[in-house]
Amino acid sequence: MKLNDIQTYYKEGLLRKNFKDTKSLKSLKNSLINLHLSDSPGKENFFWESKYKNTLDLRPNAFEFDLSAIDILFDNDIPDLLSKIVGEDITLSHIQIRKSSAGPGYMPWHRDMYFIDDRIVGACPPAHKIIFYPKIPESTDEPKLSLLKGSHNCLFQKQRSSEFLLPGCSVYDREIFHLFHVENYSPSENEFIIFNTSMLHNTLPTTDPVGSIRIIYSFVKKFQFENMFSHKEGHTMLNELYEKGKSQKQ
């Protein structure tokens, strides 16, 4: 029996979709590719900052660099899709543009949300992310991201810090690799992936000398945005644009 998008997302914790061929897609891909191939963003007040090894993040924010990063969400009815597969209305909290050079993955297997020593790490309930890696000219089809399908439904709640192999990956998590399937995602002309961030996922090493770039969208419940992001001007500006666009589409 073929599952619909809602059932697939509940079961596997991830969903692959394709952006429509629109002006916003062309503009976003051009911006991402140019950003990746240039040493400087090329716009006043924008710069690169290193957060993880072999990576650079666009600062001070991504959405003001090219508004097609927001337009593409509405061109593809992403708010409606998210509402259906998550089961409730969630809101946009952050957009990141990150590029990587050749080298080891900067974030090994982990969950963005997990329980440790009676504490919660990350947003609870978990955030949902959309990631799009555009295909860079002369690059290979080397996978950039791995995800353990279904692992969001196996989140052990009583773990001690001594039981963690890596931040966000415990000895319990190591065992469930025997039960679930690892799915890889590669750069594409238009394919993006949505996933529940409590699932185990991993940025893969890059052997391709061209490297890679991606845009990452983070969505949370509205109360989480108010508690965690509303005091930050850039996040508030982004969220207001997103909510205004949603109201205009209704």
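The values are calculated or read from the model by the stated rules, or taken from the named source; none is laboratory data. The structure presented is a predicted model; accordingly, all values stated were derived computationally and were not measured. Using ideal geometry, Cβ is built from the backbone for each residue, glycine included, and neighbour counts are taken over all protein chains shown.
Among the residues that make up the stretch 199-215, is at least one of them within 24 Å of residue 77 (Cβ to Cβ), among the polar types (S, T, N, Q) and surrounded by fewer than 17 Cβ atoms within 10 Å (Cβ to Cβ)? No - not one qualifying residue is present in the stretch 199-215. Whenever a residue of the stretch 1-14 is over 16 Å from residue 180 (Cβ atoms), its partners that are surrounded by 12 or more Cβ atoms within 10 Å (Cβ to Cβ) and of a type in the set (Val, Ile, Thr), lying with C-beta atoms within less than 7 angstrom and at least six residues away or across chains, give the pairs 5/85; 6/85. Name the single residue, out of those in the stretch 227-250 being without any contact (Cβ under 8 Å) to a residue 60 or more places away in the chain and assigned to a loop (DSSP other than H, G, I, E, B), that is nearest to residue 79 (Cα to Cα). Only one residue fits best here, namely 250. Among residues of the stretch 139-165 being of a type in the set (Asp, Glu) and part of a loop (DSSP other than H, G, I, E, B), the one that is surrounded by the fewest Cβ atoms within 10 Å (Cβ to Cβ) is 141.
Residues of the stretch 122-152 that are among the aliphatic types (A, V, I, L, M) and either within 16 Å of the chain's Cα centre (by Cα) or closer than 17 Å to residue 171 by Cα (or both): 123, 127, 130, 131, 145, 147, 148. Of the residues in the stretch 91-109, at least one is among the aliphatic types (A, V, I, L, M), closer than 26 Å to residue 6 by Cα and part of a strand (DSSP E or B). Just the residues that are under 26 Å from residue 162 (Cβ atoms) and free of Cβ contacts under 8 Å to residues at least 60 places away in the same chain, please, taken from the stretch 83-142. Selection gives 115, 116, 117, 118, 119, 120, 121, 124. If you filter the stretch 1-33 down to residues that are farther than 22 Å from residue 127 by Cα and of a type in the set (Lys, Arg), you find that the one that is surrounded by the most Cβ atoms within 10 Å (Cβ to Cβ) is 29. Hey, among the residues in the stretch 48-78 that are among the polar types (S, T, N, Q) and surrounded by 13 or more Cβ atoms within 10 Å (Cβ to Cβ), which one's modelled with the lowest pLDDT? Here the answer is 54. Would you please name the residue that is farthest from residue 108 (Cα to Cα), looking only at residues in the stretch 34-47 that are in contact (Cβ under 8 Å) with a residue 40 or more places away in the chain and buried (at least 16 other Cβ atoms within 10 Å of the Cβ)? Restricting to residues being in contact (Cβ under 8 Å) with a residue 40 or more places away in the chain and buried (at least 16 other Cβ atoms within 10 Å of the Cβ), the top hit is 35.
Under the condition of being in contact with a His (Cβ under 9 Å, 6 or more places away or on another chain) and basic (Lys, Arg), the residues counted in the stretch 38-81 number 0. Kindly indicate the residue of the stretch 110-136 that is touching a Ser or Thr at 6+ places or on another chain (Cβ under 6 Å) and part of a strand (DSSP E or B) and also modelled with the highest pLDDT among those meeting that condition. This residue is 129.
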